[in-house]
Structure formats: structure tokens, C-alpha cells
1. Please enumerate the residues belonging to segment 320-343 that are among the basic types (Lys, Arg), away from the ligand (no atom under 14 Å from the Cβ) and on the phi < 0 side of the Ramachandran plot.
2. Going through segment 790-810 one residue at a time, which ones are under 45 Å from the mean Cα position of the chain (by Cα) and without any contact (Cβ under 8 Å) to a residue 12 or more places away in the chain?
3. Here is a list of conditions, (1) farther than 27 Å from HIS573 by Cβ; (2) in contact with a Lys or Arg (Cβ under 8 Å, 6 or more places away or on another chain); (3) not charged (D, E, K, R), and PRO415 meets all of them except one; can you say which number that is?
4. Out of the residues in segment 300-319 that are more than 16 Å from the ligand (Cβ to nearest atom) and farther than 19 Å from ASP348 by Cα, which is surrounded by the fewest Cβ atoms within 10 Å (Cβ to Cβ)?
5. Looking for whichever is out of contact with any Phe, Trp or Tyr (no Cβ under 8 Å at 6 or more places or on another chain), without any contact (Cβ under 8 Å) to a residue 40 or more places away in the chain and closer than 21 Å to ILE267 by Cβ here; the options are GLU111, GLU118. Which one fits?
6. Within segment 101-132, can you find the residues that are among the small types (Gly, Ala, Ser) and either part of a loop (DSSP other than H, G, I, E, B) or in contact with a His (Cβ under 7 Å, 6 or more places away or on another chain) (or both)?
7. Can you find a residue in segment 360-367 that is more than 29 Å from the chain's Cα centre (by Cα) and surrounded by fewer than 22 Cβ atoms within 10 Å (Cβ to Cβ)?
8. Looking at segment 418-428, can you tell me whether even one residue there is of a type outside the set (Val, Ile, Thr) and within 16 Å of the ligand (Cβ to nearest atom)?
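The values are calculated or read from the model by the stated rules, or taken from the named source; none is laboratory data. Since this is a predicted model, take the numbers as computed values, not measurements. Every residue, glycine as well, gets a Cβ built from its backbone with ideal geometry; the counts of neighbours run over all protein chains shown.
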Amino acid sequence: MESITPNEEPVNNKLVESENIVETENIVEEEEEFHHLNNPADGIKPIIKKYLGTPNHADQLGNKFFFTDGDAKVEVVVVTDLIIRVRLAPHGVFLDEFSYAVPKLEHKAAEFTLFEDENEFRVATKSINCHIRKQDFFISFSDSNSRVTSTDAVPMHWEENVKFGGYYVFCTKTCHTDESFFGLGDKPTEFNLRGKRLKNWNTDAYSFQWNQDPLYRSIPFYISVNEGVAHGIFFDNTFKAQFDFGAEDTTKTSFWADGGELQYYYIHGPHMMDVVKSYHTLTGTHPMPPLWALGYHQCRWSYYPESKVKKITRGFRENKIPCDGIYLDIDYMDGYRCFTWNRKYFPDPKKMISELAADGFKTVVIIDPGIRVDDNYEVFKQGKENRYFCRRSDDYFMEGHVWPGRCQFPDFTNPEVRTWWGGLFDELVQMGVAGVWNDMNEPAVFGAGTFPDDVRHQYDGFRGSHRKAHNVYGMQMVRSTYEGLRNIMKNKRPFTITRAGYSGVQRFSSVWTGDNVASWEHLKIGNIQCQRLSVSGIPFCGTDIGGFSGEPDGELFTRWIQMGTFSPFMRAHSAGDTKEREPWSFGEPYTAINRKFIELRYRLIPYLYSTFWEHHRYGFPILRPIVMHEQDVKLNHYRQDEFTYGDKILVCPVMEPGQTKRNVYLPKGKWFNFWTYEILEGGKEVTVPTPLETMPVFVKAGSVIPEYPVMQYVGQHEIEEVKLNIYYTDYEVNSFLFEDYGETFAYEQDIYLEKKFVVNGNSRELSIQQSMEGLYTPRYEGYHINVIGLPFKPGKIIADGKVVSDFIVNPDGTVELKFSKNFKRIEILR
Ligand code: GLC
């Protein structure tokens, strides 16, 4: 539907309608004549966009408000104080309430009232208003200071989609001169989407390029920032959808879909962070990952046979480069049949997996949706017998070619199929598999790209063609995988990773950005994609480190490892036709630098894990772009290189070959250079040297950054003490540390510990207070405290009222001491 121009003005509705009536009358006469000749070419009623007329009536049913122009109906639902949902039914009949993205629309006891005056209806919560203008059905939103944040530029509209026998549905809003747009998942383009038109249709995009659209995921959620105020729009429609952010007409923002319901959530800020958090209250957050999944993962298409896998894992231990995850790509299977093993390459998988586990490696296996048509293959037989595969509309099973050859595909939108599929993992789990990688689930089909539109889906009882189910197929696949694993692994956290997804996929899986390329440009694309996924509700994301296709040189690979150290998910992966790609493959100095950064990754695991908790529990993203810190500074809307990892560590990957220095923007406040401890004033750009062995990393003054000792894998040794790096501040700063078992679901029963540190200081003293809440007791006894940046030489240290005589002042000014993990207050005095 590229030709659609969503931003047409609503020519006077009344007039169009009256003309239509005249035309209809003519047609009626002419139809009599032409009807049997099957040639209605003359006088055919033109397809035109229909716009809402004037609202003449309002009804209320609890927190739902209905407005109608006599034919079409609009529903306005108060979801929370800050979230309002709008739906359009062109002929007054709404679809059943069902969404894969929003599993349960909870109506959090919001206060709301309907007001009416001569100009408008207004649904008001404590914090926002939804205005329905009587003159033309324009819908707009304002905050409690009467500041209008979003306005229709034309009324909601629809247009007959003859190929579908339904409607295209459209919403067009005013786009302000200074408005910026963020979100929409994995788009490989500038971070700020202003001026772009983008499409959502999950697509297998091997070696994708800058600006290529669409890619693997469909996240119909964007955030607008205008004059320092943010709001979000979540267009929960799974059909092929498009977004236009002032591309066609700089004064308009539109979103539309090839079918389905025009249904969107207005999510108020005023801060971008509020919008993202509210979006998570609708679509859910990522469960706590197993701790090991925060380590380094090594992947390749493919490591086989067993001796090769062992050679790689041995390589990590011999080179003393930490690693937790080892992946088996498609070649571990028998003829690419899912849930089977190639016994020539892997004669005893259970033994191999347990040996790998004994050496600290978790085995992750790939599972694709295409099931080989083969009556001697158990999975196919079961699927066939139970009619679990997707059917075409003419009622034969849909077939397509993928890695195994001719395949049929489970209908993951059927709950019974999901349960069956989930159960298939039993044997893999018994063999010791710790994680599953779902790939090709856009779904990808060789030649055609994906399924034909007419394929039928059960859609959890709500029925749909592939037009409607396409964008959720991958998400339902990984949901089924995750739920199955969770069921089988009982109280152990499974690890899952998926390529395709729709809003809400974060409840079930991590993601990677797909088949990227070993180029400097792709390092930049990956950086933007991870930040974008993070603000789009997908926190646990990463890129194929090194680039999937093509050959990186040592420098590019090392720069990518550096960026990956600060990606929520860290995995190197490469295509089978490339050279070996392990962290030691490029020789020195690269190996040593890669080791140093992977070790840093492991040191920072408790920090990352605590940030993950902030995500899981409170809906904060893990990566936070600069604009999220300072959205009122317009220039920041265009910054896309630097970001923070959690809220305390700022990182700027080096993305040019041979770069020896670069500018980095630091948000307001004081920052410490992570490597040199130099203190810098933020609110401006600073020039930072970037020799290969380092990259720009800064820590916010006042932070407490917890560190684990470097291990070759998570849990290699019992942790004897946790290091706390405390950065001096002269204003109060809070930090958090989350601790629990790291691999069970006990946290769902509140078995965890949340620690809060409050740091404050002046030219004579620095104080650190600790408070804790929760039922978990870590096994280590003490902290190794490292105080950085004291502006004075410490004369006395008092911990919980007692003088500590045992402390060291290092030549670089840092002060080290050891103390009980249960301290309440430490004071360092001049
Ligand atoms: C797809 C995946 C890639 C994988 C390959 C073989 O291209 O994106 O990661 O290695 O298939 O399974």
C-alpha cells in the first residue's frame, strides 16, 4: 500500500457524503443495466477515505466512554491516570477484546469524569484529558496544566481494502516543528525518527543495510518529545502497519494498518522514562534472567562436531577469557530436524553437555519453526496427526522450504499447539540444555519470504489470516518455547533468545539484531538498534559481535567486543563461510584487550543484574539514550552514539577505524573517567582519548558500583566478598544493589535483597549509608570498599560508630578498606 497518502484533508465530510448519495442513486440505475454483464466499470463507486463525522452522542459504561456520529463509534477507555485507549469501529461494532501484547488490561483504580460543553466532550483523569471536539471529532490530549500534547490533524479515518475485504485504518496527528520521535524497535536508521516513514512487517533481512525497512521485529510503539514534554503512542494492531513522522507532510504524523482495528494507547509522560515505564505496565517486562546469561556467549554457524565444540570451550579456558554460553546452530540436528541430533557429529549429546557444564559452559541450542515433512520423523508425525500445522484457507497444510527442505509450520497462535511444542523440549532439558534460540520465526520461508496471506491461524480462538498473525508468529513461538522450558525446568530460569517479535515479546525472551555485517557502519547501526530496542520495551538485546557476514579485522572485532561489554546481551556470532571468530582469533594485542573487556563485563555483573531488576520490577530500560536523561535539550534528540548502561555508567563506543580521540557528551552533573578517575563537569562535550585498549566510559559522581571478582564463568567460585566502588560526590546520590539466588524463581515469592546506598560528601567528609529490604541473605560476609575521588586525605574512618584503623590510601588517592556487608553507615573524615 505504498501509494496510500494518509494525510489527505478530510474534504468536507458532509459534502462527500451527499455526493455519494447522488452517486449511489445513479449506480443503482446503472447497475441494473450492467449487472449481468459483469462490467461495472462505468459509474463504479470510487473508493474514498471515510472520516468520522460529528460526535452527537456520548455514553458511559464504567471506565469506557462511547461517542458516535450515528454510524461509526469511538471508544475511549481510561486505563490508568496516565494511559487512555482509543478505538474506532467504522460501523459501530468493536472487535472482541484480545491482544497478545497486552495480556490483561488492568484498570488501575483511576479517577475519571466525563465533561461536556458546547465545544467538546472531555474525559478527564487526575493527570490527563482526552478531548473529543464536537465540530469534527478531532481527538486530542492535554495534561493537567492544559498543555495540549497530541491532537488529531484530521479525524480518524478508514478506507476500503478491496484485496482484504475490510478496511485500512488511519490516524493522523499534528506534527510540531520541534517534535522528535523515538521507538519502533529495531529500525536501522537514525535514532530520532523525525522525517521518516517506516513499516512493521517482520522480515528475514540477511545482511540488512542502513535504512532498510522493515527488519525482524514489529514494535508499533513510539515516543514523541515536543517542547520538553513526552508522550507515547502504542498502536496495538498486528497487521502490516506504517508510521509516518512528518515524512510526507512535515506538519503531520500518521499511523495506519492494512486491516484490524484502529486501536491505540495514548501514554502520557511528561518524561520519556515515564512513557517507557507505563508502556511496560501494559506489555510486561522481562523476567529476571539466569545470572549466567549476563556473561559472555560464543556462537557460530556452526560449531560441530563435538570435538570442535570442545576445542572452542577449551580455548576459552586456556586463554583465560571468561565465557558462559556456547551455542549449537542448525548443524547439530539430523538433517535440520528440530529436536533431533546428528549422531555422527554428536554421538552422546547428554555426556557432552554435562562435560561442558562441568567446565562452566551452558549449552544453548537453536530451534526453528519449520518442521520437515517426513512421516518417519516423530515431531512431524505428531503435528500432522493433531493438525497442529498452519493451514491454507483452502484447507491443506501450508508448505514452504527452509533449512530442512520441505516444511510445515506449527500454528503457535493455537494454545494447544503451544503446549505441545513446549513439551517437546523435555528431552533437550533432560540432556542438560540451558537455553533455546528461536530463529527464522518472522516466519522466514525461502523464495517467498514468508507465508502467503491466506494461511489460517487459530489466534487463541479469535481466528485470523496470516495478515493478522504474521507479526505475532515469532513472539508466540518463543512464548511457547519459554513457557515449555519454564514448566520443564521447574524452579530454574530458562534462557531464550528470539529473532522475530512483537510488542510484549520481552515477557518471554531476549533478542539479537539479526544478520548484520562485519563493517564499521554496522557497529554504528547496532549501537542505535540496541538503544532503540531499549526504549521500545525490549531490554535484553545485543548484536552479533563482530558482524554475522563478512570478515572483521582485529580492530573492528575488538571495538565490537568493547561495545558488546555494555550491551545487555553479549554474544559473538558469525556465518559459516567466514574465518574463525573467537576472542583470541586475531592474536595480540587484540586477545589481551578482548580479555580485559570481557573480564570487565564479569566484574560488572552485579551492577547489570541490579539494573535488570530495576527493569523487571519497575520498567526502566537497561540502556538509556542521552535524550532520556535530558529531553529538554533539543540537541540531545540527535545524540545517538553515547548512552548510559543503567543510570550510573555512561559509555561511548568507538565506531571509526584508527580513531585516537573522540568527543563525548556528558549530561549535567559530575562524572568520573572510569579509567583515570579524572573528574569532569557534564552538560557539555568532552574530548576523550580512544587508544584501542580503552573506550570512553564514565561513572556518575556519587555512584556505588558493585563488582564481582573476575571468574571464568558465573558461579565458578563462591563469592567471598563484593567490591563496592564508591565515587565521591558533594550532593546526595542513591545507588541500588539487587541480590538473590540468580537462577530460581524465588524472587517471585519476594526472596531477594534490595540494598540502597546513599552517598553524600563535602570537602571534609564522605558518608555512605546502606539500608536493605528483603528476605535473601547472600553467603559472602564482607565488602571490599574502594573510595574514589576523595578531595581530602582521610584522617579517620568511622563505620557503624566504630573507628576503623585498617585502611589503605593508595598513590592514586583511592582509599580501600574491608567491612561487614551489613554496615549501616560509614563516614570518611579528613
Ligand atoms: C539465520 C540466523 C543466524 C543463524 C543462521 C543459521 O541466518 O539469523 O543467526 O546462524 O540462520 O541457523
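1. From segment 320-343, those among the basic types (Lys, Arg) are 320, 337, 343; that's our starting set.
Remaining after also requiring away from the ligand (no atom under 14 Å from the Cβ): 320, 343.
Selection gives ARG343 alone.
2. Listed by number, the residues that qualify are ILE808, ASN810.
3. Going through the list (1) farther than 27 Å from HIS573 by Cβ; (2) in contact with a Lys or Arg (Cβ under 8 Å, 6 or more places away or on another chain); (3) not charged (D, E, K, R), PRO415 breaks only (2).
4. If we filter segment 300-319 for residues that are more than 16 Å from the ligand (Cβ to nearest atom), which is where we start, we get 305-307, 310-311, 313-319.
Imposing the further condition that a residue be farther than 19 Å from ASP348 by Cα reduces the set to 315-319.
Values: GLY315: 17, PHE316: 24, ARG317: 15, GLU318: 10, ASN319: 16.
The extreme case among them is GLU318.
5. GLU111
6. Of everything in segment 101-132, those that are among the small types (Gly, Ala, Ser) and either part of a loop (DSSP other than H, G, I, E, B) or in contact with a His (Cβ under 7 Å, 6 or more places away or on another chain) (or both) turn out to be ALA101, ALA109, ALA110, SER127.
7. Among the residues of segment 360-367, not one is more than 29 Å from the chain's Cα centre (by Cα) and surrounded by fewer than 22 Cβ atoms within 10 Å (Cβ to Cβ), which makes the answer no.
8. Of all residues in segment 418-428, those of a type outside the set (Val, Ile, Thr) come to 418, 420-428.
Checking the rest, the ones that are also within 16 Å of the ligand (Cβ to nearest atom) come to none.
There is no residue in segment 418-428 that is of a type outside the set (Val, Ile, Thr) and within 16 Å of the ligand (Cβ to nearest atom).
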